[in-house]
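Colleague: There's a structure below that I have some questions on.
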Amino acid sequence: MKVTLFIPCFVDLMYPQVGVCIVQILERLGHSVECPEELACCGQPAYNSGYWEEARTVAVRVLQRLQGAEAVVIASGSCGSMLKVFYAELFAGTPHAQAAAALAQKTYEFSDFLVTKLGVLDLGARFPAKVTFHDGCHGLRELHAYPQPRKLLQRVRGLELIEMPEKVCCGFGGTFAAKFPMISTAMGEVKCAAAAETGAQYIVSNDSSCLMHIAGLLQRQGSKLKTIHLAEVLAQS
């Protein structure tokens, strides 16, 4: 299969190793991967802020570039939900509605692509550590990507998965963290405390934006807890 990898802007700028790990994993499974450099953003920041016309300007380019893609894989539940769920709302009643619907059918969050589309559960990874998993809100509630990452982690050699008692938001929310920093920080501190109570060494997630927020809080707290993307764990051998 030819996979078109959509790398979110924050992953490209701050966590490029996540994209590298995804490419390595997909190529190891025998698939070819293309990563269009011109796809810089899905338009979600403008969309979430109410600037739908500006969001459409960005999103139309995404629709046009991905029109001929066989399968689109995204390293983020947040951006994945934009393409798979919210484009339908953004382009409703426009000439691009059909293209948005077609894109939704072939778009997958990374862990969902491995488990649901490819039927892959065991990548032969080894990561000897205690970890807990953070579910990003969009990946959990919009894409329903709850069992997929856990099925993959359960087959990583040496890894012990310890669940947090509640599935709550980390407080990032993109522009939410910028508009409401005090609320965002308070929510993040609750998440960090819940993760620390598990006794885990790492917080794993399939969304780098959440991990960026959590890592910043952990660093300020002087915590020994570390953050790592799911793809980085699965690429370990």
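Colleague: Convert 4 °C to kelvin, take the viscosity as 1.567 mPa s, use the Kirkwood radius over C-alpha pairs of the chain as Rh, and evaluate the Stokes-Einstein diffusion coefficient in µm²/s, rounded to a whole number.
Modeller: 72
Colleague: Sticking with this one: Can you give me the % of accessible surface on the chain that is carbon or sulfur? Probe 1.4 Å, all protein chains present, nothing else counted.
Modeller: 54
Colleague: Would the stretch 174-237 count as rounded, prolate or oblate if I go by the C-alpha gyration tensor, calling it rounded below 1.5 in a/c and otherwise prolate when a/b exceeds b/c, oblate otherwise?
Modeller: Details: a/c = 2.51, a/b = 1.44, b/c = 1.74.
Cα axes put the stretch 174-237 in the oblate bin.
Colleague: Show me 2-13, 208-219 ranked by packing, highest mean number of other Cβ atoms within 10 Å first.
Modeller: By packing density, highest mean first, the sequence is 208-219, 2-13.
Colleague: Charges at C-beta only: +1 for Lys and Arg, -1 for Asp and Glu. How large is the resulting dipole of the chain about its Cα centre, in Debye rounded to 20?
Modeller: About 400 debye.
Colleague: I need the peptides 40-50, 101-111, 178-188 ranked by packing, meaning the mean over residues of other C-beta atoms within 10 angstrom, with the highest value on top.
Modeller: Highest mean packing first, the order is 101-111, 40-50, 178-188.
Colleague: How large is the accessible surface per residue of the chain, computed with a 1.4 Å probe and reported in Å² as a whole number?
Modeller: 46
Colleague: List the aspartates and glutamates whose Cα sits under 12 Å from the Cα of LYS84, skipping any in the same chain fewer than 8 residues away.
Modeller: Hits, sequence-local ones excluded: GLU109, GLU142.
Colleague: List the lysines whose alpha-carbon lies under 16 Å from that of LYS167, not counting same-chain residues fewer than 8 positions away?
Modeller: Of all the lysines, those that pass the test against LYS167 - Cα under 16 Å, at least 8 places apart if same chain - are LYS191.
Colleague: Does the stretch 16-70 come out rounded, prolate or oblate by the C-alpha gyration tensor, with a ≥ b ≥ c the root eigenvalues, rounded set by a/c under 1.5 and, if not, prolate when a/b is larger than b/c and oblate if not? Intermediate values should be presented prior to the final figure.
Modeller: Details: a/c = 3.65, a/b = 2.02, b/c = 1.81.
Cα axes put the stretch 16-70 in the prolate bin.
Colleague: State the three equivalent ellipsoid semi-axes of the stretch 42-116, derived from the C-alpha gyration tensor as the square roots of 5 times its eigenvalues, in descending order and whole Å.
Modeller: 20, 14, 10
The values are calculated or read from the model by the stated rules, or taken from the named source; none is laboratory data. Worth saying up front: this structure is predicted, and the values here are computed from it rather than measured. Here the Cβ is made from the backbone with ideal geometry for all residues, glycine too, and neighbour counts use every protein chain on show. For accessibility, only protein heavy atoms count, side chains too; no ligands or nucleic acids. Shrake-Rupley method; radii C 1.70, N 1.55, O 1.52, S 1.80 Å.
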